[in-house]
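Report on one structure; see the data block that follows.
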Amino acid sequence: MENQVKERIDELIEILNRANYEYYVLANTTLTDQEFDKYLRELENLEAEYPEYARADSPTKHVGGEVIDKFKKVHHAIPMLSLPDVFNISEIEDFHARIERENGNCEYVCEYKIDGLSVSLHYEKGKLVYAATRGDGVVGEDITHNVKTIKSIPFTLFEPVDIEVRGEIYMPKKVLEELNKKRALNNEPLLQNVRNAAAGSIRQLDSKIAAERKLNSFIYHLPNPEDYGIKTHHEALKFMKKLGFRTNDSANVLVSGIDEIENYIEEASKKRDSLPYEIDGIVIKVNSLDSQKKLGMTSKYPRWAVAYKFPAQEVLTRLNDIVFTVGRTGRITPNAVLDPVLLMGSTVKRATLHNEDYVLAKDLKIGDIVSIRKAGDVIPEVVEAKKDRRVGTEKDFQMITNCPICGSLLEKKKDQVDYYCMNIHCSARKVESLIHFCSRKAMNIDGLGDEIMEDLYNMGFVKKIPDIYHLSDHKKDLIELEGYGNKSVDNLIEAIHNSKQNSLERLLFGLGISGIGDKTALLLAKLFKNINNMMNATYEEYQNIRDIGPTLAQNLFDYFHDEQNILLIETLKNLGLTMNYLGEEEKYHALLTGRKFVLTGTLSFMDREQLSAIIESYGGKTSSSVSKNTDVVIVGEKPGTKFEKAKELGIEIWNEEQIKKVITELD
Ligand code: IVH
């Protein structure tokens, strides 16, 4: 009887996994919805009654339910590279000419560039063991619990191979539309585009949410083709398809020569709008894997592929009004209020008009029909007014003279285009600085976005930065606020508490020192290591830093010598905020410290002795033979038997690029 149960479970898994494969990978329907549901329910019941026979690759796992408490880091043995972008045919011709020069005439595979996020999938003996995001290319995050909810990603392959494949996870256009309809009804902010929506879904700790998002996948890259005796990328695609992955067969095309590439682009541009998923370009890859190897890569990109990006899309809409906002520095920005219009997967209602000169140069009038444009990630912009569509009722643009929030007279500095509200007590400026402090690239406090911060400011709970860290004292009041439940208040308080552990660069950027963006903040944090060193530096010391000119140096010096600012930093320190740099460098350091390395093959960028010395200077150990105690084997050109042994023992293998990245980050 028990055996029969096990057999039936195995049989149901087989039927349902096969049906999922047919439906989600091959787009064939083999079972009716009712049949599928009937089998699935039978399986769920048996698994509940006989948990000892439940299998990890059961299709019941697709529904989600697994909740994790944080994302584990995953190291990519082969870095996940991105592709260099090209924007026109002449740049593709340059690419083709270079390939011909360095490699001779060759075939390419043209593919759609799917607008989603890349994923690396790892299988052992044909079973999915883990899935990871790209992260910075070297270290990504484990997202297995969410990937398991994607029905086109097999739990079990058709062959029991050990393999890594890479591809794109995306959100179908329809899913985003429906999701946004629901969000609009619930007064929730709309998801901006398919890419952000997919990335947001994959970054959920609770896989139920990812399951609801109905994500899909295309697999397009095999990092270790030689392990399977594969000679071309096209073969690799076929091989992955044969294992059970969803490859984009109708779109992946073998071509030769520039004319065929051009034809492919033309066809793809025509089909683009009618595809059920968003594509933002075309990928062109050299087909022969020997040629790919010969062409090699730069530190960032393979030299055997390019991504052609479609030109920005434009749509027409009406400019209903121009309204003014006040930034944290007091800068006044005119903004176009538009008739909502769908552009590249997101609804556009507003677009920045930057400043008075910009509006005047474009001769925009309120009531004009305007064309707006968006290229990929770029924020939408107003291209021009369609003057031939004017009817005579359009109104001229008039720059304001007083702050729209506090009413004080605006000032325009000599030779500059922007107007400023100079009132440092202007509430708009204060709210904006608080929003900036909590923003994603600054302290990254989830739950303290624009509207909530405005409410908290207006109700007097948060008037200045340190008040954020006292919000837990107002828990009761917060729970009573509209839209805030017990749980979300707890989450907010936890997010605030966790932000105290942020590395220095986030705080530095969040303070909003004039001219200090997130990149400069990181540079300064890396250099000075802690806030005291930064505060005690002289003007000359700031100015000697690469990328810091006299104005920024003066801004820094002034900021850290202002009594109010010194007091603010002191207060934040007493509240327990980290004042030290603990970012990237620490992460790369950990990749070397205490780990045992073996080097094999010829390195092109330095000798093995030099590299050993560097590794040892960061607390790593090097040895000449591979054993099970070895942590990492670094492989150069023409590696010896150590490479084979490392593979046999399943030891982490780095190529030159990986070690180069680690030591340059530490340098
Ligand atoms: S190939 C080494 N093929 O575009 C080869 N990428 O900037 C790596 N993408 O990070 C990628 N569709 O997320 C490849 N058919 C396709 C793709 C594709 C979308 C994404 C991928 C990658 C980015 C390249």
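The values are calculated or read from the model by the stated rules, or taken from the named source; none is laboratory data. Note that the structure is a prediction, hence the values are computed from the model and not measured. Ideal geometry is used to build each Cβ from the backbone, glycine not excepted, and the neighbour counts take in all protein chains shown. Accessible surface is based on the protein model in full, side chains and every heavy atom, while ligands, DNA and RNA are left aside. Shrake-Rupley method; radii C 1.70, N 1.55, O 1.52, S 1.80 Å.
Only one of the numbered conditions (1) under 30 Å from GLU100 (Cβ atoms); (2) assigned to a helix (DSSP H, G or I) is violated by THR247, and that is (2). Taken together, PHE87, PHE95 contain a single residue that is over 24 Å from the mean Cα position of the chain (by Cα) and within 15 Å of the ligand (Cβ to nearest atom), which is PHE95. In this structure, is ILE202 touching a strand residue (DSSP E or B) at 6+ places or on another chain (Cβ under 9 Å), under 19 Å from THR144 (Cα atoms) and not acidic (Asp, Glu)? It is true that ILE202 is touching a strand residue (DSSP E or B) at 6+ places or on another chain (Cβ under 9 Å), under 19 Å from THR144 (Cα atoms) and not acidic (Asp, Glu). Screening the range 303-315 for residues that are assigned to a strand (DSSP E or B) and at pLDDT below 95 and picking the one that is farthest from GLN658 (Cα to Cα) gives VAL315. Does the range 110-118 contain any residue that is within 14 Å of the ligand (Cβ to nearest atom), closer than 23 Å to ASP162 by Cα, open to solvent by 20 Å² or more (accessible area, probe 1.4 Å) and modelled with pLDDT of 95 or more? The answer is yes, given that some residue of the range 110-118 is within 14 Å of the ligand (Cβ to nearest atom), closer than 23 Å to ASP162 by Cα, open to solvent by 20 Å² or more (accessible area, probe 1.4 Å) and modelled with pLDDT of 95 or more. Between ILE230, ILE219, the distinction of being closer than 30 Å to ILE78 by Cα, within 16 Å of the ligand (Cβ to nearest atom), assigned to a loop (DSSP other than H, G, I, E, B) and among the β-branched types (Val, Ile, Thr) belongs to ILE230 only.
Return the residues of the range 57-73 that are modelled with pLDDT of 85 or more and either within 16 Å of the ligand (Cβ to nearest atom) or open to solvent by 50 Å² or more (accessible area, probe 1.4 Å) (or both); say none if nothing qualifies. Across the range 57-73, the qualifying residues are LYS61, LYS72, LYS73.
Scanning the range 277-290 for residues that are outside any strand (DSSP E or B), touching a helix residue (DSSP H, G or I) at 6+ places or on another chain (Cβ under 6 Å) and either open to solvent by 10 Å² or more (accessible area, probe 1.4 Å) or within 11 Å of the ligand (Cβ to nearest atom) (or both) yields GLU278, LEU289.
Taking helices (runs of 4 or more DSSP H) as the structural unit, those lying wholly within the range 485-528 and holding at least 1 residues that are farther than 18 Å from ILE435 by Cα, without any contact (Cβ under 8 Å) to a residue 24 or more places away in the chain and charged (D, E, K, R) correspond to 486-499, 518-528.
Could you say whether any residue in the range 137-146 is away from the ligand (no atom under 16 Å from the Cβ) and more than 21 Å from VAL67 (Cα to Cα)? No: zero hits. When VAL175 is tested against the conditions (1) β-branched (Val, Ile, Thr); (2) buried (at least 23 other Cβ atoms within 10 Å of the Cβ); (3) closer than 30 Å to THR347 by Cβ, the lone failure is (2). Residues in the range 148-207 that are part of a helix (DSSP H, G or I), closer than 29 Å to LEU83 by Cα and touching a residue at least 24 places away in the same chain (Cβ under 8 Å): LYS173, LYS174, VAL175, LEU176, VAL194, ARG195, ALA197, ALA198, ALA199, SER201, ILE202.
How many residues are within 14 Å of the ligand (Cβ to nearest atom) and modelled with pLDDT under 95 if we restrict to the range 251-274? Result for the range 251-274: 1. For the range 304-360, the tally of residues that are within 16 Å of the ligand (Cβ to nearest atom) and either within 22 Å of the chain's Cα centre (by Cα) or without any contact (Cβ under 8 Å) to a residue 40 or more places away in the chain (or both) stands at 8.
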